[in-house]
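Visitor: Quick one: the structure is below, questions incoming.
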Amino acid sequence: MLTAGAFPGVALGDSGMSREEADAVIARTRQWVRGYVETLPNFTCRKTIRVFVVPAIRKPKLREWAVDIPKWLISKRGGKPRIDESEWLVRMVKGGRESYEWIGGNRRGHGWGFFGHWLKALFGQKYPTEFEWIEDSRLRGYGVHVFQTLTPRNFCQYGGRDGDDIVLVGFRGKIYIDRDSGRVLRYVAEEPIGLPKRHRVKSGRMLFDYDYSKIGDEVALLPVKSLAYTRYRGRSTLAENTFHGYREFQAETKLDFEGK
């Protein structure tokens, strides 16, 4: 849904994208999102999770921590961060449900996550996101349309630990859509909406990056990195997920990621 008055101060201008053109871009991307999971090949990959615990920073600039995490962490506030790291094997089969297996341990799980979940939440029709074109730009060599986004309160949940109630929040953010293919290359959630003042989570920001990877004979758009910054009272965490080692999944093949 495109709403003309949703973002005060954003003007399309004479050389910008018309309302009809912007509407067509979002409609094209929404159609791709609907079938995204079903088009993915069966694959495995490796997911590395690093969680940094640092002193609270009220409003970190995305351009700083999205590009160079160590530089951002060693800030004027000083002190070495605590880093928790784990490796997971991710399996994907037709239908889109992800299977996680902790490498070096016995923890396993299933869920809906980076492979389609966020995209469906953004482009779903039940609680529609508002999109407003702001510029055409470039991202990692691709020409992209950049839209501001406003998602409803049910978009993301916080809480459920340490006695907190689970709360559903929305986000103001930006989305970067490949001009040629209409596919999403990046989503940045910049400002939460509807977070209660007394909740232990005080603020949060997220970034999701997608890029093209070859799996067997197919080339697919897949997650490459996600970042989630969460500020609590007195401390902050930055969770970095990187996805690598994509390969075709075959049931009879023994998977060996040693040294990869």
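Visitor: Name the residues in region 1-42 that are β-branched (Val, Ile, Thr), surrounded by fewer than 18 Cβ atoms within 10 Å (Cβ to Cβ) and at pLDDT 80 or above, would you?
Guide: Scanning region 1-42 gives a single hit, Thr39.
Visitor: Could I ask something else about it? Scan region 216-229 and report the pairs whose first residue is aromatic (Phe, Trp, Tyr) and whose second residue is in a strand (DSSP E or B) and modelled with pLDDT under 90, with Cβ atoms within less than 6 Å and a gap of 6+ or a chain change.
Guide: From region 216-229, the pairs are Tyr229/Arg205; Tyr229/Leu238.
Visitor: Right, something else. Looking only at region 113-156, count how many residues are at positive phi and β-branched (Val, Ile, Thr).
Guide: Residues flagged as at positive phi and β-branched (Val, Ile, Thr) within region 113-156 amount to 0.
Visitor: Something else now. Being loosely packed, with under 14 Cβ neighbours inside 10 Å and closer than 21 Å to Leu40 by Cβ is the requirement here; does Lys214 meet it?
Guide: yes
Visitor: Follow-up question, since we're still on this one. Mind counting the residues in region 117-148 that are touching a Gly at 6+ places or on another chain (Cβ under 8 Å) and among the β-branched types (Val, Ile, Thr)?
Guide: Residues meeting the conditions: 0.
Visitor: Does region 197-211 contain any residue that is touching an Asp or Glu at 6+ places or on another chain (Cβ under 8 Å), surrounded by fewer than 20 Cβ atoms within 10 Å (Cβ to Cβ) and under 20 Å from Leu139 (Cα atoms)?
Guide: There is no residue in region 197-211 that is touching an Asp or Glu at 6+ places or on another chain (Cβ under 8 Å), surrounded by fewer than 20 Cβ atoms within 10 Å (Cβ to Cβ) and under 20 Å from Leu139 (Cα atoms).
Visitor: Take Ile177 and tell me if it is touching a residue at least 60 places away in the same chain (Cβ under 8 Å) and in contact with a helix residue (DSSP H, G or I) (Cβ under 6 Å, 6 or more places away or on another chain).
Guide: Criteria met by Ile177.
Visitor: Next up: Give region 190-207 a look and list any residue that's out of contact with any Lys or Arg (no Cβ under 6 Å at 6 or more places or on another chain) and closer than 17 Å to Pro128 by Cα, or say none.
Guide: Pro192, Ile193
Visitor: Pairs, please: C-beta under 8 Å, at least 6 apart or cross-chain, first residue under 17 Å from Arg46 (Cβ atoms) and in region 232-249, second part of a loop (DSSP other than H, G, I, E, B) and among the β-branched types (Val, Ile, Thr)?
Guide: Listed by first residue and then by second, the contacts come to Phe249/Val93.
Visitor: Evaluate region 158-176: report whether one residue or more is charged (D, E, K, R), within 24 Å of Asp136 (Cα to Cα) and in contact with a Leu (Cβ under 6 Å, 6 or more places away or on another chain).
Guide: Scanning region 158-176, I find at least one residue that is charged (D, E, K, R), within 24 Å of Asp136 (Cα to Cα) and in contact with a Leu (Cβ under 6 Å, 6 or more places away or on another chain), so the answer is yes.
Visitor: Select the strands (runs of 3 or more DSSP E) contained entirely in region 70-173, then report the ones holding at least 3 residues which are more than 22 Å from Thr29 (Cβ to Cβ) and at pLDDT below 75.
Guide: So the answer is 82-92, 108-111.
Visitor: In region 217-238, what residues are modelled with pLDDT under 85 and surrounded by fewer than 16 Cβ atoms within 10 Å (Cβ to Cβ)?
Guide: Hits for region 217-238 are Tyr232, Arg233, Gly234, Arg235.
The values are calculated or read from the model by the stated rules, or taken from the named source; none is laboratory data. Predicted, not measured: the structure shown is a model, and the values here were computed from it. FYI the Cβ positions are ideal-geometry reconstructions off the backbone, even for glycines, and counts take in every protein chain you see.
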